[in-house]
Amino acid sequence: MLNKEFIFKKVAFSSATLILIVLTSIFIMLFISAKPAIEKYGLHFLVDSNWNKTIETKIPLTQAQILAKKTKTQSSDNSDMNDDNLFADDTLVLGDDASGDNVDVSTNIKTDTIFGGYVPIVGTILSTLIAMAFSIPIAMGIAVFLAEIAPDFLIKPVGMAIELLAAIPSIIYGMWGLFYFAPIVQNIFGGSQMSLLTAGLVLGIMILPFMAAITRDAMNTTPDVLKESAYAMGATKFEVVKDIIFPYAKVGIIGSVILSLGRALGETMAVAFLIGSVFKVPGSLTSPTISIPVVLANNFGEASGDMMSSLFYLAFVLFVFSFIIIGSAKFYFLRGRR
Amino acid sequence: MAKELIMDIKDFSFKYAGAPKPSLENINMPVYKNKITAMIGPSGCGKSTLLRSINRIHDLYPNNEYTGKINLLNIQSDEFENILDIKKENDFIRLRQRVGMIFQKPTPFPMSIYDNVAYGLRLDGVKDKKVLDEKVETALRGAAIWDECKDRLKESAMGMSGGQQQRLCIARAVALKPEVILFDEPTSALDPISTKAIEELISELKKDISIVIVTHNMQQASRLSDYTAFMYIGELIEYNKTDKIFLNPKEKLTEDYITGRFG
Ligand SMILES: Nc1ncnc2c1ncn2[C@@H]1O[C@H](COP(=O)(O)OP(=O)(O)OP(=O)(O)O)[C@@H](O)[C@H]1O
Ligand SMILES: [Mg+2]
């Protein structure tokens, strides 16, 4: 008896510890792999909208090279020298001796590829915002309907349909979105078929059933007597939902929103089909752009060097981002909960 | 003392949706004004079902069937109205403001102590902060809980003890100045001290309010009530003044029950 108790405790404890270990090791792994990019681009990465862009910088000639050059080509004129001075600053920032491979010795032009995460970061944030703005009110409506309003004969079938929808793999949402939904969105809002808006809406539709199902379950935990005592005070259905059910189920509802948010932030397949995969800050909601998970999925295969560490930098940003959002949501909404 | 009726239940039968047979059959029972009427009987005999019919809480759930009449005195017109005729939501709300209900387990709303008591008043359209403050205080005093919670009105009601929560629920009901309050085993989840406080409170309340209380506690019924109804398997077996029921029951079943021979 005591022994079982002991084993049970140990198992429970190690399972809990395992989660922490996985979490920290992911964090550390991401950070280490992203470190070259973090060191190279710093926080500027977050606001730089260039991705995989080759820039040329001239590096100052060493004394020996200048001499050699002067003797070789007398025709070389002053303007070249001026340029050298102009680029001197950039070079200080970007250039380092290690990347000597890229320096063309004959011209002293150093080519470098720079990576900035601004576009996918903005794409991720905006598509997630659209998805949440679209899905939260509808999911709450569905949940209230299922928990409080629907007649008995509808509760089961609609509930089942919602759960089935929640179980559909995201790639199917992507395909459906691409072939059926995107043209509709384009007809209504104009712009291009594959766009931030299409991706955001399909993302919203995708997380909708999930959010609705969990919210409904949370609402269903409100004890009948509690609702009855509100009705017994003369409350209407709407007032009971607003004053009793929502506050009572608050924790579960916020949990469902947070989980859905996490899903939307990290969703890859559906978004890859729909967002357009264009590295451009979207001029409007109906322009194509790209999101972090899509960048990662599209580029990991052939990435190396700076690109690889930049991808890890993006992944790291996504990780920290999710962490902050979830952490602050928990802190803000659930404080003072007993 | 002249017996004044506030309620009169006539040939009332009730069947739950989908139940094979009625849970209540042909109940006839008066409820006297400013008196305490106790309902006793073994578990499952239909006490809660009857109580919940009186403010039509049953109607939150579809397809229950009932026949008969439950007449409630309209104080303004001094006439009886059958509450089973009510169909409009507004009239339901009005009925439930007139006939309050306290449940077995305390049911504080997930909000502050103050807001709990103010809840029904606000629903009723009271907005003036001063009026609200006053009514909340009166109600809390009326429920003998003012002293305990006057310094923590803004705190969540979930943090009170069970007994305090139950008195808060009573305050909440009292705040609406109902004509009748229905109590469904209000003390069965409480310790003896809280139970005593609630019992005193109920006796106090009957000055202004008529009371129907379901209880499993024979002492409570005999201590507290003026009239007692004994129910058994969906029927009202015996109804009389409480001392008659306890000292001199007419029916064998009643006697067996109150002497603890079954139940
Ligand atoms: N929602 C319901 N649907 C169908 N039958 C019900 C429902 N609620 C109660 N019943 C049945 O109605 C009968 C009376 O129940 P009720 O709850 O009124 O008994 P009670 O006298 O209050 O019992 P207790 O003392 O245990 O509270 C019981 O047979 C019960 O099984
Ligand atoms: Mg009962």
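Worth pointing out:
- Region A:149-170, residues that are open to solvent by 70 Å² or more (accessible area, probe 1.4 Å) and of a type in the set (A, V, I, L, M): A:149, A:160, A:164, A:165, A:167
- Scanning region A:273-282 for residues that are within 25 Å of residue A:258 (Cα to Cα) and open to solvent by less than 50 Å² (accessible area, probe 1.4 Å) returns A:274, A:275.
- When residues in region B:118-135 are screened for being within 14 Å of chain A (Cβ to nearest Cβ), in contact with a helix residue (DSSP H, G or I) (Cβ under 8 Å, 6 or more places away or on another chain) and either among the polar types (S, T, N, Q) or more than 25 Å from residue A:221 (Cβ to Cβ) (or both), 6 of them pass.
- Check on residue B:71, surrounded by 19 or more Cβ atoms within 10 Å (Cβ to Cβ) and more than 9 Å from every other protein chain (Cβ to nearest Cβ): yes
- When residues of region B:74-107 are limited to those that are more than 14 Å from every other protein chain (Cβ to nearest Cβ) and without any contact (Cβ under 8 Å) to a residue 12 or more places away in the chain, the one surrounded by the most Cβ atoms within 10 Å (Cβ to Cβ): B:81
- Of the candidates B:96, B:152, B:141, B:122, the single residue that is more than 16 Å from ligand 1 (Cβ to nearest atom), at pLDDT below 90 and either more than 18 Å from the chain's Cα centre (by Cα) or part of a helix (DSSP H, G or I) (or both) is B:141.
- Pick from region B:45-68, criterion surrounded by fewer than 22 Cβ atoms within 10 Å (Cβ to Cβ) and more than 14 Å from every other protein chain (Cβ to nearest Cβ), ranking: nearest to residue B:29 (Cα to Cα): B:68
So that you can scan it fast, the table gives a plain yes or no per residue for (1) closer than 30 Å to residue B:8 by Cα; (2) in contact with an Asp or Glu (Cβ under 9 Å, 6 or more places away or on another chain):
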{"position": "B:137", "(1), (2)": "no, no"}
{"position": "B:144", "(1), (2)": "no, yes"}
{"position": "B:156", "(1), (2)": "no, no"}
{"position": "B:162", "(1), (2)": "no, yes"}
{"position": "B:165", "(1), (2)": "no, no"}
{"position": "B:169", "(1), (2)": "yes, no"}
{"position": "B:175", "(1), (2)": "yes, no"}
{"position": "B:182", "(1), (2)": "yes, no"}
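- Matching residues, region A:283-312, being closer than 27 Å to residue A:197 by Cβ, in contact (Cβ under 8 Å) with a residue 24 or more places away in the chain and open to solvent by 20 Å² or more (accessible area, probe 1.4 Å): A:284, A:285, A:286, A:287, A:288, A:296, A:297, A:298
- Scan of region B:39-87 for residues that are assigned to a helix (DSSP H, G or I), of a type in the set (Val, Ile, Thr) and away from ligand 2 (no atom under 16 Å from the Cβ), ordered by number: B:83
- Residues in region B:11-29 that are near ligand 1 (Cβ under 10 Å from one of its atoms) and open to solvent by less than 30 Å² (accessible area, probe 1.4 Å) were compared, and the one that is nearest to residue B:93 (Cα to Cα) is B:14.
- Residue list for region B:196-229, restricted to those being assigned to a strand (DSSP E or B) and either surrounded by fewer than 19 Cβ atoms within 10 Å (Cβ to Cβ) or of a type in the set (A, V, I, L, M) (or both): B:211, B:212, B:213, B:214, B:229
- Selection of region B:170-195 for residues being within 14 Å of another protein chain (Cβ to nearest Cβ) and in a helix (DSSP H, G or I) yields B:170, B:171, B:172, B:173, B:174.
- Identification of helices (runs of 4 or more DSSP H) wholly contained in region A:175-262 with 2 or more residues that are of a type in the set (A, V, I, L, M), more than 10 Å from chain B (Cβ to nearest Cβ) and open to solvent by 20 Å² or more (accessible area, probe 1.4 Å) yields A:182-189, A:196-220.
- Pairs with Cβ under 6 Å, 6+ apart, first in region A:217-234 and more than 17 Å from residue B:167 (Cα to Cα), second polar (S, T, N, Q): A:234/B:97
- All of B:114, B:32 fail the test of being within 23 Å of residue B:225 (Cα to Cα), more than 16 Å from ligand 1 (Cβ to nearest atom) and among the hydroxyl-bearing types (Ser, Thr, Tyr), apart from B:32.
- Hey, residue A:328 open to solvent by 20 Å² or more (accessible area, probe 1.4 Å) and either part of a helix (DSSP H, G or I) or closer than 18 Å to residue A:46 by Cα (or both) or not: yes
- Of the criteria (1) open to solvent by 30 Å² or more (accessible area, probe 1.4 Å); (2) touching a residue at least 40 places away in the same chain (Cβ under 8 Å); (3) of a type in the set (A, V, I, L, M), which one residue B:193 fails: (2)
- Residue check for residue A:278: outside any helix (DSSP H, G or I), in contact with a Pro (Cβ under 6 Å, 6 or more places away or on another chain) and farther than 29 Å from residue A:163 by Cβ: yes
- Filter pass, residue B:203 being in contact with a helix residue (DSSP H, G or I) (Cβ under 6 Å, 6 or more places away or on another chain), farther than 25 Å from residue B:14 by Cα, in contact (Cβ under 8 Å) with a residue 12 or more places away in the chain and not basic (Lys, Arg): no
The values are calculated or read from the model by the stated rules, or taken from the named source; none is laboratory data. Keep in mind the model is a prediction, meaning the values are calculated, not measured. Don't worry about glycine lacking a Cβ; one is built from the backbone with ideal geometry, like all the others, and counts go over all protein chains shown. Accessible surface is based on the protein model in full, side chains and every heavy atom, while ligands, DNA and RNA are left aside. Shrake-Rupley method; radii C 1.70, N 1.55, O 1.52, S 1.80 Å.
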